[in-house]
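Structure, as structure tokens:
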Amino acid sequence: MSVEIRVPQLPESVADATLVAWRKQPGQSVARDENLADLETDKVMLEVPAPSNGVLREIKVAQGSTVKSGELLAIIEDVAATGASTSTSTSAPASAASPPPAPAASPASAKASAAASAAAAPTAAPAAAEVARTGPAARRVIEENSLAPGTVVGTAPRRRVTKADALQAAAAEAAAVQAADAQPATARPGRGEKRVPMTRLRARIAERLVQAQASQALLTTFNEVDLGAVQELRGRYKESFEAEHGVKLGLMSFFIKAAIEGLKRYPVVNASVENNDIVYHEYFDIGVAVSTERGLMVPVLRDADLLSFAAIEERIAQFATRARSGSITLEELTGGTFSITNGGIFGSLMSTPIVNAPQSAILGMHKIQDRAMVVKGQVTIRPMMYLALTYDHRLIDGREAVQFLVAVKECLEDPGRLLLGV
């Protein structure tokens, strides 16, 4: 029995997806719920699971194609049905006639014959199957062009190789040989070029970044923060914190708590522009930028003001793991009223982050660096970090942006403010 494999129902806000890779090829067996193909949307990767055990019979959509919900991708042959039909067809000839008994053979000749049969079987079977699937005209083209039969992919039913398939394979091989011959013999090594199409995620990131800069009046203000108090607090409680909550006490939870305190004092930084209206959000959904091999993702902590330090650290760790494995959901990447990005993990000392529209501001963290600072009239070495706030000047004035950043700085330099709300 044939089973159709179709594109799963895509999220409501996603029109289509790109089939980036087939995990199985025709003729290979598949297990129930095994991933057959990877689909890439603008934000997330989706898997196409096999609905039952069987054999992948035919692929209907080529790798790199754009597909929509419900579109036919492939056909698999149910293993139970295939096994039953095979059993029936093979038993009939056996019952129709019994072959005459073979003459007796000596033990030595029997062993030699068995060894020869075992050696010939692996090569003879595939060759016979390949010939059976190749028409006479196609075989002529394959022989004339010295093509390996196994390299020609059949497009007719039952993967039968037609003359058109053989001609296409011959043209592709000739083009490859011609391209190789066209390379100059004196070309310097290491000066080649490689052109690859953008992934959907990378294309979407590029589109949104250009859109943000074109539609918003972006401006960045800077400050610096002494993280000595935060580091001292982390050093004092990190072991007991991890033992109690099962997660490490990182820097991000302090910055999220400090940012929320600043957003409460200056609500316009948490607002957004919608047509000619200013929308003030009375909740705090904080986006945290996560770098992955596919590109930058910004999962959102919903109602972050209600979360404890431990809950924030736990969710950020989960987000990072799922984002890098491609299992994060579209819902976790949508929304958000304010974002934080940390270029310091890559060694960035200072940057001007781009706002994640339609939000109106983003806080940039950077590398912690020991620097000589004057504290109470004395020069001392302190762990310092530059902070950057990029904001939409259409909505946020410089005074509010600077005061917000100062509020974040005060909370981080005196973490007790986060507990007391002052």
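Where a number appears in this text, it was derived from the coordinates with a stated rule and is not lab data. Worth saying up front: this structure is predicted, and the values here are computed from it rather than measured. In this analysis, Cβ positions are derived from the backbone assuming ideal geometry, glycine residues included, and neighbour counts consider all displayed protein chains.
Would you please give the residues with an amide H less than 5 Å from that of Ala74, counting only those at least 5 places away or on a separate chain, with H modeled from the backbone geometry?
For Ala74, whose amide H was placed from the backbone, the distant partners under 5 Å are Ile5, Lys60.
Could you work out the local net charge near Ala229, counting Lys and Arg as +1, Asp and Glu as -1, over the other residues with Cβ closer than 13 Å to its Cβ?
0
Under a 5 Å amide H to amide H cut-off, with H placed in plane at 1.01 Å, what residues pair with Phe338 once short-range neighbours are removed?
Asp285, Gly287
Kindly flag which residue pairs out of Lys257/Lys367; Lys68/Lys194; Lys24/Lys194; Lys24/Lys60; Lys238/Lys367 have an alpha-carbon separation exceeding 24 Å in this structure.
In this structure, Lys68/Lys194; Lys24/Lys194 exceed 24 Å between Cα atoms.
Of the peptides 209-217, 399-407, how do they stack up when ordered by the mean number of other Cβ atoms within 10 Å, highest first?
So the peptides 209-217, 399-407, ranked by packing, come out 399-407, 209-217.
Quick one: what are the phi-derived ³J(HN,Hα) couplings along the stretch 298-304, Karplus 6.51/-1.76/1.60 with θ = phi - 60°, whole Hz, x for glycine and proline?
Coupling constants for the stretch 298-304: 10, x, 10, 8, 6, 6, 4 Hz.
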